[in-house]
Amino acid sequence: MSLRSDLWCLAFVRRHNDNGDMCVVARRGDPIAGQVFIEVDHLDGTHSLFTPAPMVSRGDNAGPMFQRRFDRVEPGRVRERIAQEIAFDPDLWVLSLDRRGDDIGIDLVPEAR
């Protein structure tokens, strides 16, 4: 059984704000099963985007798994991708995090080499 999207998002936001990062829910999605996208502003003019990993990539991990969709690109590319996804799936959540580092405390699927 998975954790509800709204509870997972609120816990993520709270954890980062408690650690001194600025994190907000930029878009609320379906509270039960909305997919979660995480946009990271690295405070250097670049953004990264983390999206849910495909089910086949998750293996036996029962918790949420993410993949890095964009790594330190111009903000417009991230916003454009999020807009495309919202047009396809209006139930998704978008979390916006300001953080200089790369580790945002989520489980990532291994990147293909």
Could you tell me how many of the residues in segment 94-108 are over 15 Å from Leu43 (Cβ atoms) and surrounded by 13 or more Cβ atoms within 10 Å (Cβ to Cβ)? 4
So, in segment 64-76, exactly how many residues are assigned to a helix (DSSP H, G or I) and either under 17 Å from Val36 (Cβ atoms) or over 15 Å from the mean Cα position of the chain (by Cα) (or both)? 1
Checking the structure you have, find out if any residue of segment 81-93 is of a type in the set (A, V, I, L, M), surrounded by 16 or more Cβ atoms within 10 Å (Cβ to Cβ), outside any strand (DSSP E or B) and on the phi < 0 side of the Ramachandran plot. yes
Go through segment 9-35 and report how many residues are surrounded by 17 or more Cβ atoms within 10 Å (Cβ to Cβ) and part of a helix (DSSP H, G or I). 4
Within the bounds of segment 52-63, is there any residue that is under 15 Å from the mean Cα position of the chain (by Cα), outside any loop (DSSP other than H, G, I, E, B) and either on the phi < 0 side of the Ramachandran plot or touching a residue at least 24 places away in the same chain (Cβ under 8 Å) (or both)? yes
Which residue pairs have Cβ atoms closer than 9 Å, lie 6 or more positions apart in sequence or on different chains, and pair a first residue in segment 88-112 that is more than 15 Å from Leu49 (Cβ to Cβ) with a second residue that is in a loop (DSSP other than H, G, I, E, B) and of a type in the set (Lys, Arg)? Asp107/Arg58
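The numbers here are math on the coordinates, done by the rules we state, and not lab data. In this text the structure is predicted, and so the values were computed from the model without any measurement. We place every Cβ from the backbone using ideal geometry, glycine too, and count neighbours over all the protein chains shown.
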